[in-house]
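What follows is a short report on a single structure.
The values are calculated or read from the model by the stated rules, or taken from the named source; none is laboratory data. Values in this document were obtained by computation on a predicted structure and should not be read as measured data. Positions of Cβ are generated from backbone atoms using ideal geometry, with glycine treated the same way; all protein chains shown enter the neighbour counts. Ligands, DNA and RNA are stripped out before the accessible areas are found, and what is left, the full protein with its side chains, is counted by its heavy atoms. Shrake-Rupley method; radii C 1.70, N 1.55, O 1.52, S 1.80 Å.
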Amino acid sequence: MSEATKVIFAIFGVIVTGFVLVGLSKEEPSNAQKERQASFNNYVAVQKMASDKCPILIKEATKEQVYFPSETKTDRESYITLIWLGENVKTGGFKKASCTLLTALGGVSELIIDDNVIINKKF
């Protein structure tokens, strides 16, 4: 065998060994990691649902468009409350709007605008 053939076999062997090592080093995530990922995915889904539904409900009730909440309260598992502070108070807009979404209900459970309860669903 020539030296060039030996070098080609050596390079091929290193590549195959690398693929084998990478394939064997893949680990399955532990149950704790799966649990953390599921909890995080749930929180993201609830946050997105609240960010999608609440501004629509506030616009229907006040005719004023809201974009980013001023404050967020959550336990990261069962509820999220988004609070907006109104900007156009002098022109008839709202002062404060609070929208709560319960994961158990799968939707908005409470909408309060300037201390007026618009939606109040109990679980």
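Checked against (1) of a type outside the set (D, E, K, R); (2) open to solvent by 70 Å² or more (accessible area, probe 1.4 Å); (3) assigned to a helix (DSSP H, G or I), Val46 passes all but condition (2). When you scan segment 11-30, do you find a residue that is within 30 Å of Ser109 (Cα to Cα), assigned to a helix (DSSP H, G or I), of a type outside the set (A, V, I, L, M) and at pLDDT 90 or above, even just one? Scanning segment 11-30, I find no residue that is within 30 Å of Ser109 (Cα to Cα), assigned to a helix (DSSP H, G or I), of a type outside the set (A, V, I, L, M) and at pLDDT 90 or above, so the answer is no. Only residues that are open to solvent by 20 Å² or more (accessible area, probe 1.4 Å), among the β-branched types (Val, Ile, Thr) and touching a Ser or Thr at 6+ places or on another chain (Cβ under 7 Å) were counted in segment 86-106, giving 1.
Residues in segment 4-13 include none that are among the aromatic types (Phe, Trp, Tyr) and touching a residue at least 12 places away in the same chain (Cβ under 8 Å). Scanning segment 49-85 for residues that are open to solvent by less than 70 Å² (accessible area, probe 1.4 Å) and among the hydroxyl-bearing types (Ser, Thr, Tyr) yields a total of 6.
Would you check which residues across segment 110-123 are part of a strand (DSSP E or B) and under 17 Å from Lys59 (Cα atoms) and list them?
Taking segment 110-123 as the starting set, the residues that turn out to be part of a strand (DSSP E or B) are 110-113, 116-120.
Matches in segment 110-123: Glu110, Leu111, Ile112, Ile113, Asn116, Val117, Ile118, Ile119.
For segment 40-62, how many residues meet the condition of being closer than 14 Å to Tyr79 by Cβ and of a type in the set (S, T, N, Q)? Looking only at that region, the number is 2.
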